[in-house]
Amino acid sequence: MTSTLAGLREHATRLAGQSIPELIAEEPARARDFALRVGPLYANFSRQRYDRNALAALVALARQADIPQALRSLIDGDKVNVSEGRAALHTSLRSNLGTTGIAREAHAQALAARECMATLIAELEASSVTDIVNVGIGGSDLGPRLVADALKDFHSGRFRVHFITNVDGSDAQHTLRHLDPARTAAILVSKTFGTQETLLNGRILRDWLGGSERLYAVSANVPKAEAFGVDASRVLPMWDWVGGRYSLWSSVGFAIALAIGMSQFEALLAGAADMDAHALEAPMDRNLPVLHALTGVWNRNALDLATHAVLPYDERLALLPSYLQQLVMESLGKSVRSDGASVDSQTVPVLWGGAGTNAQHSFFQALHQGTQTIPSDFIGTIAPAHGYVDNHTALLANLLAQTEALANGHAADDPQKSYPGNRPSTLLLLDALTPHSLGALIAMYEHSVYVQSVLWGINAFDQWGVELGKKIAGDLLPALADHDVHIADPVTRSLLQEIRSRL
Ligand code: F6P
């Protein structure tokens, strides 16, 4: 029997009358059976609103879509980014699982670039530089920023790292005012070296540094970086076979490696490589990224849930929701299939979230009693990296309590004090937050995104949706400076008049 996205709805209809606690009561072993461990990462899916049969239909869907072959294609460097005719070989940045010359060559290039990065790091370590400013946006900012922040317990202390991303000049102003140009190096990170925000902020840094000696770049467009004034010896390569949002494993991670040192950076890559091997080799029904992806498809397509919350119970992972917003929504925010036809199902949910327990005191009210059911990923760390035992115990107690309360709810005579429950969540637990486990966690999300893209028939590696706004902004630049430039859109014309009258 073939399994289809529409067929999943039949399972959802069959299960509609059963709540999560009822499903668990019926299948008491599911707390164990719907869980799996991959190295330092434990996942529990037992509080999702599916049963064994629905899960079997989901796994059948993955088999029919030939996910193992799709993962093999990705890792072997097939041109999975169809609209741009490119491979997406981020896995080659950290593992050597490819069976093709293209994938192996990519891996060799990645190793060579890592050596260059290590040399530049050694030079900087021997210099009087104390501060590093990473200038980039999107994938050239979010990954390095997340990892540098999450791994603050692993910082060597040799450098402080800072990030400037927004074209809003306040970002540069507030970051630079505490720094000494004579002791600061800047890394301009841009795959294209054509991104407006990064070029404008790059100019600020170039001027502020008063020369290009401590100006570095990471780019797939080396000539453009050189033309900007970065000496070729300080430009680290990127390639068109790595998508920006999948690039933290490359030289884009320069700021990470400066913060935590090369050996910890290698440990981050090793964690991701372990997840690559697991994704490629594990059977579909014991494959963590595949089960995570299938759960996403179940919530989106069978239960029609339009948003998804990511809730790290570890302050060091507070930036994870922002990072995943780009990874998930830029990859899966598509309504046209790779072949150009419209999709026939919903695709990406709106991804959002925040760190617990803080979020409990803001939007958790809506998670518990709002009219929408919001599925979530709770992410916790078992061993803390601090000695405040009582705090950590409270953190874990809250994490467990929230997943239980969301699933089980609570009936009270007073409707204001009733909790409907039946709100699904997945629990992801790291043994400890280390470079290795963080690498595994991020790679898990990357593979989950790719699997969902295959199931929906969309391209996870392009982002045409961001281009129109960029073009219009480019067209409007002269109009902001010159009153005579004609603007066709009547609303924009009127808004410009308002702005000009107050400038
Ligand atoms: O505008 C979207 C985007 O292209 C992202 O996909 C990318 O991560 C970001 O801009 C930055 O691009 P670049 O690294 O080329 O500056």
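The values are calculated or read from the model by the stated rules, or taken from the named source; none is laboratory data. Note that the structure is a prediction, hence the values are computed from the model and not measured. Neighbour counts run over all protein chains shown; Cβ positions are idealised from the backbone, glycine included.
Couple of notes before you dig in:
- Which numbered condition residue 119 misses (of (1) assigned to a helix (DSSP H, G or I); (2) touching a His at 6+ places or on another chain (Cβ under 6 Å)): (2)
- Pair list, Cβ < 7 Å and 6+ apart or interchain, from segment 17-40 residues that are on the phi > 0 side of the Ramachandran plot to residues that are hydrophobic (A, V, I, L, M, F, W, C) and outside any loop (DSSP other than H, G, I, E, B): 39/440
- Subset of segment 458-502 (residues that are within 31 Å of the chain's Cα centre (by Cα) and outside any helix (DSSP H, G or I)): 458, 459, 460, 461, 462, 463
- Within segment 233-252, the set of residues being part of a helix (DSSP H, G or I) and more than 10 Å from the ligand (Cβ to nearest atom) comprises 233, 234, 251.
- If only residues of segment 148-159 that are surrounded by fewer than 16 Cβ atoms within 10 Å (Cβ to Cβ) and in contact (Cβ under 8 Å) with a residue 24 or more places away in the chain are counted, the one that is farthest from residue 323 (Cα to Cα) is 158.
- Residue within segment 478-498 that is more than 16 Å from the ligand (Cβ to nearest atom) and touching a residue at least 24 places away in the same chain (Cβ under 8 Å) present: no
- A single entry from 189, 230, 218 fulfils the requirement of being within 15 Å of the ligand (Cβ to nearest atom), more than 27 Å from the chain's Cα centre (by Cα) and in the same structural domain as residue 253 (by TED's automatic domain parsing): 230.
- Just one of the listed residues (345, 338, 331) is within 19 Å of residue 83 (Cα to Cα) and part of a loop (DSSP other than H, G, I, E, B), and it is 338.
- Test: residue in segment 19-31 that is of a type outside the set (A, V, I, L, M, F, W, C), under 22 Å from residue 337 (Cβ atoms) and buried (at least 18 other Cβ atoms within 10 Å of the Cβ): no
- Subset of segment 193-215 that is assigned to a loop (DSSP other than H, G, I, E, B) and within 11 Å of the ligand (Cβ to nearest atom) - its residue that is surrounded by the fewest Cβ atoms within 10 Å (Cβ to Cβ): 194
- The listed residue being farther than 22 Å from residue 275 by Cα and surrounded by fewer than 19 Cβ atoms within 10 Å (Cβ to Cβ), out of 53, 96: 53
- Positions within segment 416-433 being part of a strand (DSSP E or B) and over 18 Å from residue 46 (Cβ atoms), in sequence order: 419, 430, 431, 432
- Checked against the criterion of being at positive phi and either touching a Ser or Thr at 6+ places or on another chain (Cβ under 8 Å) or not in a loop (DSSP other than H, G, I, E, B) (or both), segment 137-144 has at least one qualifying residue.
- Whether a residue is more than 16 Å from the ligand (Cβ to nearest atom) and under 27 Å from residue 260 (Cβ atoms) was assessed, and residue 91 passes this test.
- Hey, residue 56 aliphatic (A, V, I, L, M) and within 23 Å of residue 379 (Cα to Cα) or not: no
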